[in-house]
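Q: I'd like to ask some things about the structure below.
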Amino acid sequence: MNTIAAISTPAGAGGISIVRISGKDAMNIIKKILKTKNISDFPSHTIKYGHIVGEDGKVIDEVLVSYFEAPKTYTGEDVCEINCHGGNLVTKQILELVLRNGANLAEPGEFTKRAFLNGKMDLSQAEAVMDVINSKSLKEKNASLSQLEGVLGKRISGIKANLVDLLVDVEANIDYPEYDVEEVRREKIEKILDENIVELQKLENSFESGKVLKNGVNTVIVGKPNVGKSSLMNVLLKEERAIVTEIPGTTRDTIEEYLTIRGVPLKIVDTAGIRETTDIVEGIGVEKSKKALKEAELVLVLLDGTRPLEEQDYEILQEVKEKNHLILINKTDEESKIEKEKIHDENVLEISAKTLAGIDELEQKIEEMFQIKEINVNDEIVVTNIRHKDLISKAKEQIKSVQNALKSGVPIDMISIELQNAVQFLGEITGETVSEDVITGIFKKFCLGK
């Protein structure tokens with residue numbers, strides 16, 4: 001493979017920037033552009049101080065260069081990293097110089113792709129790299145870090161190995177049926193299938209928790225105009241994100257933000273007030289609000305405590321009955337005109353977005369509803385990737401098909417196709433049986449330089 005290079009730090013001003021080079025010519029390129037003492041003596045896993053010098057002999061920057069000799073590197077190839085001063089101009093100059101001296105610009109995720117292709121990590125670990133980078137909560141980060149360390153891959157490989165052993169037995173039964181007793185072999189197969197389907201079911205079930213950790217709970221704040229939805233969002237975010245005025249209908253579009261409340265990650269949406277309107281723009285916002293309400297996993301219904309309940313309030317309350325929801329009576333710092341007991345719902349809280357009364361209770365309720373504390377990512381494997389979950393489900397269905405076939409008295413030699421399919425699906429998780437198109441698609445989602 002050719003030698004690649006890219007900037008591995010975010011764009012913009014900063015303390016340092018890093019230009020990463022990977023491939024057999026990495027050190028040769030460094031020797032061409034780095035001016036330092038005794039460049040020929042550069043042991044692996046060491047750092048040298050020097051200056052990057054252009055073709056004209058002028059110094060581009062003062063740098064520290066680290067060198068890692070294959071195979072003990074991230075990519076499994078020779079790797080050099082140029083640590084220069086942060087800033088777009090100097091970093092770009094150094095990268096362009098590296099490219100002119102023999103490197104190719106890396107594609108998104110190509111460093112990690114090479115790590116996978118060179119056997120430094122399996123595919124589930126490679127995917128976990130971006131999950132760690134994109135983590136929005138501590139628990140999500142820990143779950144991703146666990147997968148980066150290979151915990152999921154090892155579990156999947158163990159199940160796959162059990163199925164491969166079964167497959168070998170089945171194939172042997174086809175070739176040499178006289179050497180074993182059908183009933184004994186059948187009992188052994190059924191026992192191993194039962195044990196492994198339990199393991200797959202545990203992994204599949206963990207995805208519900210994993211989905212919450214990775215994507216956050218899709219949370220929508222709904223209510224009539226001017227009940228305090230934007231004020232509540234600002235309170236939860238602890239910043240002035242949404243515009244707040246006394247004029248009804250200020251919010252014309254949905255506003256989305258991510259936040260974490262007591263360990264529970266939320267994708268929270270502030271919606272336009274739901275009401276009948278002749279304003280075309282506001283009407284579009286109302287329709288978006290209704291759509292967001294239907295898709296929500298948690299609905300925060302906001303009522304104005306200073307106004308009696310109206311028909312539109314009751315319509316919203318009726319619509320959220322079958323969803324996870326909390327009904328919040330806002331503006332408790334003023335005289336209340338809503339009788340709490342008439343709402344006929346046990347999920348009612350009184351709050352004030354102005355004085356912050358009741359906000360702690362609201363956060364506690366959200367924590368209790370989603371029980372994130374019960375997810376122990378240090379002791380459990382939590383599947384957070386929808387690709388992994390789908391493949392686990394497919395493998396499980398193939399094993400169930402085998403179990404049903406055996407129960408109906410099908411000969412053992414008729415179950416090999418389903419077992420092969422299950423092995424194939426599990427191998428796609430770790431990358432052993434995955435197609436090149438899938439690999440390319442996964443790494444295209446990575447950031448440049450990783």
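Q: Between Glu322 and Val168, what is the label-point separation in nm under the 7 Å Cα-to-beta-carbon projection?
A: 5.1 nm
Q: Please identify, among Glu350, Glu363, Glu335, the residue showing maximal mean-square fluctuation in a Gaussian network model of the chain using a 10 angstrom Cα cutoff.
A: In this elastic network of the chain, the residue with the biggest mean-square fluctuation among Glu350, Glu363, Glu335 is Glu335.
Q: Can you tell me the relative contact order of the chain? Whole percent, Cα pairs under 8 Å, sequence separation 6 or more.
A: Contact order relative to length: 17 percent.
Q: Remind me, relative contact order of segment 4-106 in percent, using alpha carbon pairs under 8 angstrom and six or more residues apart? Let's see the in-between values first.
A: Details: 216 pairs, mean separation 38.1, N = 103.
Here the relative contact order equals 37 percent.
Q: If you don't mind, another one. Enumerate the amide H contacts of Ile60 below 5 Å, restricted to partners 5 or more residues apart or on another chain; note that Pro and chain-start residues carry no placed amide H.
A: Ile52, Val53, Gly54
Q: Given the DSSP H assignment, sum -39500 (n - 2.57) over each helix run of at least 4 residues in the chain and divide by its residue total; what's the result at 222 nm in deg cm²/dmol, nearest 500?
A: Roughly -14500 deg cm²/dmol at 222 nm, from the helical runs in the chain.
Q: Which of the listed residues, Ile351, Val320, Ile4, is farthest toward the dipole's positive end in the chain, when Lys, Arg count +1 and Asp, Glu count -1 at the beta-carbon?
A: Ile4
Q: For Cα extents along the principal axes in Å, one of (1) 62, 46, 44; (2) 168, 84, 45; (3) 81, 80, 39 was computed from the structure I shared and the rest are decoys. Which label?
A: (3)
Q: Take the chain, connect every pair of alpha-carbon atoms lying under 10 Å apart with a spring to form a Gaussian network, then pick out the residue of Gly54, Gly76, Gly223 with the largest mean-square fluctuation.
A: Among Gly54, Gly76, Gly223, the largest mean-square fluctuation in the Gaussian network model of the chain belongs to Gly54.
Q: Taking neighbour Cβ counts within 10 Å as the exposure measure, how do Ile417, Ile7, Ile329, Ile343 sort from fewest upward?
A: Ascending Cβ contact count within 10 Å gives the list Ile417, Ile343, Ile7, Ile329.
Q: Could you give P(r) for segment 4-106, binned at 10 Å from zero, as whole percent values over all Cα-Cα pairs?
A: Here the calculated profile for segment 4-106 is 17, 53, 28, 2.
Q: Just to be sure I understand: with springs between alpha-carbon atoms less than 10 Å apart, which residue in Gly150, Gly263, Gly12 has the highest mean-square fluctuation in the Gaussian network model of the chain?
A: Gly12
Quick note: the coordinates plus some simple rules give every number you see, no bench work behind them. Every value quoted in this text rests on a predicted model; they were computed, and no experiment measured them. Here Cβ is always computed from backbone atoms with ideal geometry, including for glycine, and neighbour counts include all displayed protein chains.
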